[in-house]
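Data first, discussion second: the structure below is written as structure tokens.
The values are calculated or read from the model by the stated rules, or taken from the named source; none is laboratory data. Computed from a prediction, not measured in an experiment: that's the story for all the values here. Here the Cβ is made from the backbone with ideal geometry for all residues, glycine too, and neighbour counts use every protein chain on show. Remember, those area values only see protein heavy atoms, side chains included, never the ligands or the DNA or RNA. Shrake-Rupley method; radii C 1.70, N 1.55, O 1.52, S 1.80 Å.
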Amino acid sequence: MSTTNVAVDLALRMEAVRKVYRVGDSEIVALDHADLTVAPGEIVALVGPSGSGKTTLCSIAGGILSATSGRVVVGGTDISDFSSKELTAFRQSTVGFVFQSVNLVPFLTARENLLVVDELGRRTGSAARKRADAILGELGIADRANNLPSQLSGGQRQRVAIGRALMNEPRLVLFDEPTSALDTKLGEQVMTVIRNEMKNRGIAAIVVTHDERNTRYCDRTVHIVDGRLEGTSSH
Amino acid sequence: MFLALKEMKRSKVRFLLLMVAVALLVFLILFQQGISSALIRDFTGAIENQTAPVLVYSVDGQRVLQASVMTPELEAEVASVPGIAASGRLGVGTFTVTADGERVDATIIGYEQPELGAPSRLVAGRLPSARYEVVATEEDRSKGFDIGDTVTVEPGGRALTVVGLARQSQLNVVPTLFTAYNTYVDAVAARNPDARTPLPNVLALTPEAGLTPEVLAERINAVDLNLDALTRQQAADKTPGVSQVKQSFAVIFLLYGLVVPLVTGLFFLIVTFQKANSLTLLRAIGAPSSRLVRSLLVQVAIVLVGGLGIGILCDVAISQGQVGSLTLEFNPGAVVFWAVLLFVLGIISSLVAARRVLAIDPIAATTGAGVGR
Ligand SMILES: Nc1ncnc2c1ncn2[C@@H]1O[C@H](COP(=O)(O)OP(=O)(O)O)[C@@H](O)[C@H]1O
Ligand SMILES: [Mg+2]
């Protein structure tokens, strides 16, 4: 296999990515010389202290944020120089997100929170409805499909968020501290769901976590300190 | 559509309330518009809905039919102006009459020829053909002014017989009787036997073919500063008080008209702030901002169309009836005007909220904090 082919096949390739936030006159280097590759179907744990740049890395990998410099290639698409319009379309079609805080639209039911993904892109209609029902079933919340987020428990909400992230058949899903709001037991359940879903579908993922215990659900752990990626350990 | 409709479905009450508020304002505007035009119509309908295209007043009359006096000299001056096809006298006076056993004020308008001052909106019966016959105003038919009724001029007891009814032809919001000029002169004499034959109040003219009423009026006004020639519509609009009433109502309408976009604009701005988290989330998972703006505009359009629809329906319902002595009339022109204006203003007002939507930075979704500022 040639190098190019390998690169194309990768779910994520970040090369020398640097992100500088400008706050007034001062500059905060949130990410520096970040090199990271994620293979298709691979689940990478991203572990680091608060403020180390984990969310920044995910945002850049998912096309929400543009890097100050460096290259970002997701599923063979180089998004480094994408305009914000192109990034929007890219997010819609290629990546899945589970955010740290707000993940669901409160006036949409669980099922509609999944279907909205289809509404944002080129609509597939009944295919999307079938897919949403299948995902809700796999996640064990089919009986909650018509509940509003306010009628769901924390664990159920997180499952809906995971389902939403899977709706567009993404190349890469970014989980930003998916268990931080849950107790240990629920956190383990959610990590199990994440692992199963990713592995069944062969989708790559980055799971940001504080909790070292969560890393055992992942294939590999990457540490980040002060915006620099350190030591990779495989499981 | 999906997002717009789902949200409205889940927050029915607030969107319905807004719709009702818009409907109420629309109804108030149309209702007051109806009242104001009914008021003005009953004030000057006799001028607007009569046959003569040009009316010549004396300047001293200040455009009030009863106050204007046409001396023989002024009459002769008018007659000398080229371009007049026909000319006739009008006599106008306010009388006390007994109708249906009650004494009421009424206006009597005497004209010499049917095409020079007779009512143009005859809806029942016929024009007077014999002496002491009159056409009365339709609005007053139930008050002893119906066809076949006899109305008596007081004092003097001159009896007049109603032979026809005219619509929207009152003068000064009282029952108005159209009759032959000599019957009018008789009525004046009956009331006051010692008075001399009254002078005509105004002259009614038709221009020769090829000449517009405006041009004829200008020609007459150029002859003598004491002559005040006006077209039919000008004469109605320039009756003292009419433009003041119109202006006062216009100010009221303007205020109402501004409240509608203000209310919708503010409502959608607040709603947009309240759901900023959701909008940010949607932007982050790949919703183009144009999609979210479209969804907002769909909601605004639904609320406006719903509010306008309900408001117009209420107006249609109330336009069938009477308010006090005023007969309201459904006015499609006004409805279309206000519907279009309020819809456009409502949409424009929501652009403030649309700007907020466009300003949303999806990055805020990753922190969860700092959304909606
Ligand atoms: N929008 C921003 N503006 C300025 N500084 C920011 C912004 N977002 C993050 N930072 C800073 O960048 C650094 C990394 O932040 P972040 O990626 O959120 O870390 P983590 O997710 O690991 O807690 C922190 O010092 C943070 O204060
Ligand atoms: Mg973070």
Legend entry - Those residues of the range B:207-242 which are aliphatic (A, V, I, L, M) and under 16 Å from the mean Cα position of the chain (by Cα), in sequence order: B:Ala235, B:Ala236, B:Val242
Legend entry - Flag for A:Glu42 being under 16 Å from A:Arg171 (Cβ atoms), out of contact with any Gly (no Cβ under 9 Å at 6 or more places or on another chain) and more than 16 Å from ligand 1 (Cβ to nearest atom): yes
Inset, instruction - Search the range B:341-367 for residues that are over 30 Å from A:Asn103 (Cα atoms) and pair each with any residue that is within 16 Å of ligand 2 (Cβ to nearest atom) and open to solvent by 50 Å² or more (accessible area, probe 1.4 Å) when their beta-carbon atoms are under 9 Å apart and the residues are at least 6 apart or on different chains. - result: none
Inset, instruction - Would you mind telling me which numbered condition in (1) more than 15 Å from A:Gln189 (Cβ to Cβ); (2) within 14 Å of chain B (Cβ to nearest Cβ) A:Asp143 fails? - result: (2)
Legend entry - Restricting the range A:177-194 to residues that are open to solvent by less than 10 Å² (accessible area, probe 1.4 Å) and closer than 28 Å to A:Ala89 by Cα, the residue that is nearest to ligand 1 (Cβ to nearest atom): A:Pro178
Inset, instruction - Could you figure out which of (1) within 14 Å of the chain's Cα centre (by Cα); (2) open to solvent by less than 10 Å² (accessible area, probe 1.4 Å); (3) not aromatic (Phe, Trp, Tyr) isn't true of A:Glu42? - result: (2)
Inset, instruction - Output the residues belonging to the range A:22-58 that are within 16 Å of ligand 2 (Cβ to nearest atom) and out of contact with any strand residue (DSSP E or B) (no Cβ under 8 Å at 6 or more places or on another chain). - result: A:Ser50, A:Gly51
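Among the residues of the range A:11-20, are any within 16 Å of ligand 2 (Cβ to nearest atom), within 14 Å of chain B (Cβ to nearest Cβ) and either open to solvent by less than 10 Å² (accessible area, probe 1.4 Å) or at pLDDT 95 or above (or both)?
Applying the first criterion (within 16 Å of ligand 2 (Cβ to nearest atom)) to the range A:11-20 yields A:19.
Among the residues that remain, those that are also within 14 Å of chain B (Cβ to nearest Cβ) are: A:19.
Right, trim to either open to solvent by less than 10 Å² (accessible area, probe 1.4 Å) or at pLDDT 95 or above (or both) and you get A:19.
Among the residues of the range A:11-20, at least one is within 16 Å of ligand 2 (Cβ to nearest atom), within 14 Å of chain B (Cβ to nearest Cβ) and either open to solvent by less than 10 Å² (accessible area, probe 1.4 Å) or at pLDDT 95 or above (or both), which makes the answer yes.
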Inset, instruction - From (1) part of a loop (DSSP other than H, G, I, E, B); (2) surrounded by fewer than 22 Cβ atoms within 10 Å (Cβ to Cβ), pick out the condition that doesn't hold for B:Asn182. - result: (1)
Inset, instruction - Kindly check whether there is at least one residue in the range A:107-114 that is more than 10 Å from chain B (Cβ to nearest Cβ), under 24 Å from B:Leu358 (Cα atoms), within 16 Å of ligand 2 (Cβ to nearest atom) and open to solvent by less than 30 Å² (accessible area, probe 1.4 Å). - result: no
Inset, instruction - Could you name every one of the helices (runs of 4 or more DSSP H) located completely within the range B:306-370 that has at least 1 residues being modelled with pLDDT under 95 and either within 16 Å of ligand 2 (Cβ to nearest atom) or in the same structural domain as B:Ser169 (by TED's automatic domain parsing) (or both)? - result: B:364-367
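Do we have B:Glu77 as without any contact (Cβ under 8 Å) to a residue 24 or more places away in the chain, over 28 Å from the mean Cα position of the chain (by Cα) and open to solvent by 50 Å² or more (accessible area, probe 1.4 Å) here? Please lay out each step first, then the result.
On the way: without any contact (Cβ under 8 Å) to a residue 24 or more places away in the chain: no; over 28 Å from the mean Cα position of the chain (by Cα): yes; open to solvent by 50 Å² or more (accessible area, probe 1.4 Å): yes.
So B:Glu77 fails the test.
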Legend entry - Candidates B:Val97, B:Val123, filtered to the one that is touching a strand residue (DSSP E or B) at 6+ places or on another chain (Cβ under 8 Å), open to solvent by less than 10 Å² (accessible area, probe 1.4 Å) and assigned to a strand (DSSP E or B): B:Val97
